[in-house]
Amino acid sequence: MGAGVAALALLPLGFIAVYTVTVGPDEARELLLRPRVGELLVNTVRLVVAGIALSVMLGLGCAWLVERTRVPFGRVWHLLLVAPLAVPAFVNSYGWVSLTPRVEGFAGAVLIVTLSYFPLVYLPVSASLRGLDPALEEASYSLDHSRWWTFCRVVLPQLRPALLGGSLLVGLHLLAEFGALQMLRFPTFTTAIYDQYRSSFNGPAATMLASVLVACCVLLLYAELRLRGRRRYARVGAGVPRSVPRHELGRLNLLAVPALAGLVALALGVPLSSLARWLVVGSSTAFPMDELTAAASTSLTLGGAAAALTVLLALPVAWLAVRQRDLVSTVIERSTYVASSLPGIVVALALVTVSINVAQPIYQTFVLLLLAYAIMFLPRAVVIVRAGLEQAPPMLEDVSHSLGVGPLATARRVTLPLLLPSMGAGAALVFLAVTTELTATLLLAPIETTTLATRFWSHSSAASYGAAAPYALLMILISLPATYLLSRRPTEPVAS
Amino acid sequence: MPRTRPLLVGTATAVALVLTLSSCSEEDDGPSITVYNAQHEELLTEIAPGFTEETGIDVELRHGDDFELANQLVQEGPDSPADVFLTENSPAMSLVDSEGLFAPLDGQTLRQVPDQYAPDNGHWMGFAARSTVLVYNTDLVSDAELPESILELAEPQWRDRIAFSPTGADFQAIVSAVLELEGERVTEQWLEGLAANGTVYDGNDVVMESVNSGEVDAGVIYHYYWYRDQQEAGDNSSNSQLHFFDDRDPGAFVSVSGAGVLESSDTPDDAEQFVAYLASEAGQQDIADSYALEYPLNPAVQLDDSVKPFEELEPPRVDLAALNGPQVIDLMQNAGFL
């Protein structure tokens, strides 16, 4: 089953491979060995590195403040720090560009993509911090180690899977990011692939260029695998872990609260106020209720169905990766990530080609569209479900088996209930991605299907920003429940 | 196990909804055509109802960018569900034509627009046009400084003052026009000069905004971006004006939006009717009346007088089929634009 999912996820890679061969070594060399390509590679690499570094700093810092200190309004901050996920990156960068053109270029691009994607690190890290057993830290203190030493040597290593999983997601998104960077005029490999398709209409060459992204993605995957190591992180002990005593910030609150408020203002305030402004000043602003509800319900339905399908597909992959740690499982798990580092146009064209040739009855039907979403957003579900499974002790399953419960019943009665929170979170993350997806939706949806994202695109590309704004606003509104679901704390610590 | 139930219920509901959605799309069995539309969506949703009313043929639209849909058609090949392809610029039409996917248009259909707006083989035709313009910030550029030819923008007096968007098909069509009219050497030098003088932006609208905000002095765009912004809030055009090049200068190049019937169409007659309607007086009037502010090509129809009239333009004659050929791409790659 896992292998089937991996094969599905690797379809776009096969497409790229075929075209790389078609293009031939000479033309490939000519296209790849140009100064412009070097420039783009440097841009892509520094964007990914800086974006991940900054997301880790913000995600870790915020998670520590919210989970481990008595910063006022901790619960509210938690919600607000997850909420940027509901604002599509291209809406965010649009908001910034209309505020000041100075965000263009490298610094601005790093700032804005980080503001959009740091919750991908914050979420798993805060969940892990909450789940840690304080006993280890207390042991460290009892050995007279300082707080800082304990944090670096005891807490951080336990956060490793969360930090790495989050960083991997951020990295993959940055490799494939197009809309936001195009608006910020920061060219990367993905924007160059779009340029190549647009300019020479030389599809094979453009597709071939995507192999460079695949190489970057493989590097990322390998790095994450090496850094993660082979440890196990599940805790089985007598009773439940106590909640961790929180640090009193005291006067440091004067620093922490404005810092959190500032971050929220940058990540949420800027895009929302820019949308509000367009709603008010745009002459094309209108609220065609029929179209708005139709688009919203299509987006909701597609998002919900794709989220369910993707999580179901992620289950066997995550199970293999955690419970069956061998080379085959690793390859299967890793191969589900490749497609998400590719630009939407490459994935979409690959599916056009494959389905029109071998599965014509599903061409441009919802079935194909849902499969496309699943292929693109599998990593979001795999990372989260895998993290959940890491923390579910296999011993519980063994106990169940020893009591004579069959494997299926064990999965249903023991493993699944332990996994439900992470399945919900994975589904929510996929939902958020689907509601803002554009290219695959345009190419693969049944004809005349309109989603909030396609309506936003068609209005904003016609420069009718006022008319586009209600769709962006609705995209954010329908994403709020998913965001709330993500921010829920399954084990709310009792105040001590 | 009560806790697994919400998930199951959720999945079931989602599946049911998808099934409902799919069944909605299969309505009546009247004649209908599928149009892959890369022109602006609003424009087509204004034109299509008139066509349906006149002919009883339903129009189903799939929207996307020129390059997305053109590449999709190439991948679909003979199995394409599309009957008609519409673009914003002509190079996407040339791409699809180069793969032999268009059926020739009827002579009567073609005759509705001047013959320079269709390729010689008659496989597709222009149905709307956009003119190249220089947009300039009125505080930073005086009337006396305005260039007579787009070639002047490569000269030293424009150093660090000019912006353009070379990655889009729009600008590449302008480069093609320079190449057609002035030859390879001049084009090469011109691109070098532009690279030295200019700032590269992605998108005509971004160029216009930057000029308006005073970030750069002037930029090369198509006319309708500016006129449309004037009709919106005027936010991005209030400090700027348009300068039209004239006298068949390459800078006066007019790019056309194309329409063609696909060879793979099951209903070629209905598809041909639609293209004919687009270029007819009725269809062209819809274009003229729309928000689009692109020029209709049928001489019988005029755009409203807030926009510089089409007859006053003095565009150069350029072979549409030659636009954005490999040579243009090479030249632009050598100049470091792509």
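Hey, among the residues in region B:87-104 that are out of contact with any Pro (no Cβ under 9 Å at 6 or more places or on another chain) and modelled with pLDDT of 95 or more, which one's surrounded by the fewest Cβ atoms within 10 Å (Cβ to Cβ)?
From region B:87-104, those out of contact with any Pro (no Cβ under 9 Å at 6 or more places or on another chain) are B:87-89, B:91-92, B:95-96, B:98-100, B:102, B:104; that's our starting set.
From what's left, modelled with pLDDT of 95 or more: B:102, B:104.
Working: B:102: 23, B:104: 15.
Filtering region B:87-104 for residues that are out of contact with any Pro (no Cβ under 9 Å at 6 or more places or on another chain) and modelled with pLDDT of 95 or more, the one surrounded by the fewest Cβ atoms within 10 Å (Cβ to Cβ) comes out as B:104.
Return the residue satisfying two criteria in turn: it lies in region A:281-302 and is free of Cβ contacts under 8 Å to residues at least 24 places away in the same chain and polar (S, T, N, Q), and of such residues it is nearest to the other protein chains (Cβ to nearest Cβ).
Narrowing region A:281-302 to residues free of Cβ contacts under 8 Å to residues at least 24 places away in the same chain: A:288-290, A:293, A:297, A:301.
Those left that are additionally polar (S, T, N, Q): A:293, A:297, A:301.
Working: A:293: 14, A:297: 8, A:301: 4 Å.
Selected residue: A:301.
With a cut-off of at least 2 residues that are under 23 Å from residue B:72 (Cα atoms) and in the same structural domain as residue B:85 (by TED's automatic domain parsing), name the helices (runs of 4 or more DSSP H) lying wholly within region B:232-335.
Helices (runs of 4 or more DSSP H) meeting the threshold: B:268-279.
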For residue A:94, work out the one condition from (1) out of contact with any Gly (no Cβ under 6 Å at 6 or more places or on another chain); (2) closer than 19 Å to residue A:214 by Cβ it doesn't fulfil. (2)
Any pair with Cβ under 6 angstrom, 6 or more apart, that starts in region B:29-42 at a residue that is more than 16 Å from residue A:439 (Cβ to Cβ) and ends at one that is part of a helix (DSSP H, G or I) and of a type in the set (D, E, K, R): B:31/B:270; B:33/B:270
Any idea which residue in region B:66-106 is nearest to residue A:344 (Cα to Cα), counting only those that are without any contact (Cβ under 8 Å) to a residue 40 or more places away in the chain and assigned to a loop (DSSP other than H, G, I, E, B)? B:99
Go through A:160, A:185 for me and flag whichever is at positive phi and either under 15 Å from the mean Cα position of the chain (by Cα) or not polar (S, T, N, Q) (or both). A:185
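Across region B:137-163, what is the number of residues that are small (Gly, Ala, Ser) and over 12 Å from residue B:218 (Cβ atoms)? Break it down stepwise before answering.
Our first condition is that a residue be small (Gly, Ala, Ser); within region B:137-163, this holds for B:142, B:144, B:149, B:154, B:163.
Retained after the next criterion (residues that are over 12 Å from residue B:218 (Cβ atoms)): B:144, B:149, B:154.
Total meeting the criteria: 3.
Out of region A:303-361, which residues are under 30 Å from residue A:476 (Cα atoms) and either more than 14 Å from chain B (Cβ to nearest Cβ) or of a type in the set (Asp, Glu) (or both)? It would help to see each step written out before you state the result.
Looking only at region A:303-361, we keep the residues that are under 30 Å from residue A:476 (Cα atoms), and these are A:303-315, A:318, A:336-352.
Within region A:303-361, A:318, A:336, A:337, A:338, A:339, A:340, A:341, A:342 meet the criteria.
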(1) on the phi > 0 side of the Ramachandran plot; (2) touching a strand residue (DSSP E or B) at 6+ places or on another chain (Cβ under 7 Å) all hold for residue B:80 apart from (1)
Hey, residue A:97 hits all of (1) modelled with pLDDT under 85; (2) in contact with an Asp or Glu (Cβ under 9 Å, 6 or more places away or on another chain); (3) farther than 30 Å from residue B:235 by Cα but one; which does it fall short on? (3)
Subset of region A:299-351 that is hydroxyl-bearing (Ser, Thr, Tyr) and within 17 Å of the chain's Cα centre (by Cα) - its residue that is surrounded by the most Cβ atoms within 10 Å (Cβ to Cβ): A:310
Is there any pair with a first residue in region A:391-409 that is of a type in the set (Asp, Glu) and a second that is surrounded by fewer than 16 Cβ atoms within 10 Å (Cβ to Cβ) whose Cβ atoms are under 9 Å apart and which are 6 or more apart or on different chains, and what are they? A:397/A:323; A:397/A:407
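Restricting attention to region A:96-107, does a residue exist that is crowded, with 20+ Cβ neighbours inside 10 Å and within 22 Å of the chain's Cα centre (by Cα)?
Taking region A:96-107 as the starting set, the residues that turn out to be crowded, with 20+ Cβ neighbours inside 10 Å are A:96-98, A:103-104.
Adding the requirement that they be within 22 Å of the chain's Cα centre (by Cα) leaves A:96.
Yes, region A:96-107 contains a residue that is crowded, with 20+ Cβ neighbours inside 10 Å and within 22 Å of the chain's Cα centre (by Cα).
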Read through the list (1) within 14 Å of chain B (Cβ to nearest Cβ); (2) out of contact with any helix residue (DSSP H, G or I) (no Cβ under 6 Å at 6 or more places or on another chain); (3) within 26 Å of residue A:169 (Cα to Cα), then give the number of the only condition that residue A:373 fails. (2)
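For (1) within 11 Å of another protein chain (Cβ to nearest Cβ); (2) of a type in the set (S, T, N, Q); (3) part of a loop (DSSP other than H, G, I, E, B); (4) without any contact (Cβ under 8 Å) to a residue 24 or more places away in the chain, each residue gets a yes or a no:
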{"residue": "B:108", "(1), (2), (3), (4)": "no, yes, no, no"}
{"residue": "B:119", "(1), (2), (3), (4)": "no, no, yes, no"}
{"residue": "B:129", "(1), (2), (3), (4)": "no, no, no, no"}
{"residue": "B:140", "(1), (2), (3), (4)": "no, no, yes, no"}
Reported set for region B:60-86 where residues are facing chain A (nearest Cβ under 8 Å) and among the β-branched types (Val, Ile, Thr) is B:74
Among the numbered criteria (1) free of Cβ contacts under 8 Å to residues at least 12 places away in the same chain; (2) at positive phi, which single criterion is violated by residue B:56? (1)
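Look at residue B:259 and say whether it is farther than 28 Å from residue B:210 by Cα and touching a Leu at 6+ places or on another chain (Cβ under 6 Å). Before you say what the answer is, go through the steps one by one.
Details: farther than 28 Å from residue B:210 by Cα: yes; touching a Leu at 6+ places or on another chain (Cβ under 6 Å): yes.
Here the answer is yes, as residue B:259 does meet what is asked.
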Requiring at least 3 residues that are without any contact (Cβ under 8 Å) to a residue 40 or more places away in the chain, the strands (runs of 3 or more DSSP E) wholly within region B:154-230 are none
If you check A:244, A:236, A:240, which single one turns out to be surrounded by 15 or more Cβ atoms within 10 Å (Cβ to Cβ), at pLDDT below 80 and in a loop (DSSP other than H, G, I, E, B)? A:244
Taking the residues in region A:423-449 that are closer than 28 Å to residue B:228 by Cβ and at the interface with chain B (Cβ under 9 Å from one of its Cβ atoms) as candidates, determine which candidate is nearest to the chain's Cα centre (by Cα). A:439
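The values are calculated or read from the model by the stated rules, or taken from the named source; none is laboratory data. Worth saying up front: this structure is predicted, and the values here are computed from it rather than measured. Every residue, glycine among them, receives a Cβ derived from its backbone with ideal geometry; neighbour counts consider all protein chains shown.
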